[in-house]
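Have a look at the structure below, then the notes.
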Amino acid sequence: MYHYTAIVTCLAVALYLFLATQVARARIRYGVKLPAITGNADFERIYRIQMNTLEWTPIFLPSLWLFAIYIGDAAAAAVGALWVVGRIVYFIGYREAVAKRSPGFFIQALAATILWVGAIGGAAWRLAH
């Protein structure tokens, strides 16, 4: 069973739901009416945080689960938790200024890369053996 990976998956979904609510709140705060996605730099940064998270999620989730299957549940959950932490750091930094987004982006990109490399490596290893 993959209990730890399931918990990290739920944390990632909860983070995404939180980010969606932040965009809704920012629309009200900065007066950006639907369907607009531009017009206020503070809103645009919050919107990009959500969109960037959405863009990385299809890389993260399959890699997380394949890593769990081929390498192990606890290791996948640990690296997956690092991805979630990276996304939180990204949110905190980018919300403040564009220049402050890099540390969180690096953390989550590193975690996603580790998961993907582990998934493909584990699958190839099993195929070869």
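The values are calculated or read from the model by the stated rules, or taken from the named source; none is laboratory data. Note that the structure is a prediction, hence the values are computed from the model and not measured. For neighbour counting, all protein chains shown are included, and Cβ atoms are generated from backbone atoms with ideal geometry for every residue, glycine included.
Summary of computed values
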quantity: Where TYR16 falls short, out of the listed (1) surrounded by fewer than 17 Cβ atoms within 10 Å (Cβ to Cβ); (2) over 11 Å from the mean Cα position of the chain (by Cα); calculated: (2)
quantity: The listed residue being over 30 Å from HIS129 (Cβ atoms), of a type outside the set (A, V, I, L, M), out of contact with any Asp or Glu (no Cβ under 9 Å at 6 or more places or on another chain) and surrounded by 17 or more Cβ atoms within 10 Å (Cβ to Cβ), out of PHE91, PHE67, PHE106; calculated: PHE91
quantity: Complete set of residues in the range 19-61 that are of a type in the set (S, T, N, Q) and under 19 Å from the mean Cα position of the chain (by Cα); calculated: THR21, GLN22, GLN50, ASN52, THR53, THR57
quantity: ALA128 being crowded, with 19+ Cβ neighbours inside 10 Å, among the aliphatic types (A, V, I, L, M) and more than 14 Å from the chain's Cα centre (by Cα); calculated: no
quantity: Filtered residues of the range 19-46 (kept if aromatic (Phe, Trp, Tyr) and either loosely packed, with under 13 Cβ neighbours inside 10 Å or touching a Leu at 6+ places or on another chain (Cβ under 9 Å) (or both)); calculated: none
quantity: Of the criteria (1) buried (at least 18 other Cβ atoms within 10 Å of the Cβ); (2) outside any helix (DSSP H, G or I), which one GLY86 fails; calculated: (2)
quantity: Qualifying residue in the range 104-125 (condition: of a type outside the set (Lys, Arg), in a loop (DSSP other than H, G, I, E, B) and more than 21 Å from LEU15 (Cα to Cα)); calculated: no
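Okay, residues lined up against (1) basic (Lys, Arg); (2) touching a residue at least 40 places away in the same chain (Cβ under 8 Å):
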position: LEU15; (1), (2): no, yes
position: VAL23; (1), (2): no, no
position: THR38; (1), (2): no, no
position: ARG45; (1), (2): yes, yes
position: LEU66; (1), (2): no, yes
position: GLY80; (1), (2): no, yes
position: TYR90; (1), (2): no, yes
position: LYS100; (1), (2): yes, no
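Condition check ((1) over 18 Å from GLY122 (Cβ atoms); (2) small (Gly, Ala, Ser); (3) modelled with pLDDT under 95; (4) touching a Phe, Trp or Tyr at 6+ places or on another chain (Cβ under 9 Å)) across all residues:
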{"site": "PRO58", "(1), (2), (3), (4)": "yes, no, no, no"}
{"site": "LEU66", "(1), (2), (3), (4)": "no, no, no, yes"}
{"site": "ILE69", "(1), (2), (3), (4)": "no, no, no, yes"}
{"site": "ALA75", "(1), (2), (3), (4)": "no, yes, no, yes"}
{"site": "VAL79", "(1), (2), (3), (4)": "no, no, no, yes"}
{"site": "ARG87", "(1), (2), (3), (4)": "yes, no, no, yes"}
{"site": "GLU96", "(1), (2), (3), (4)": "yes, no, no, no"}
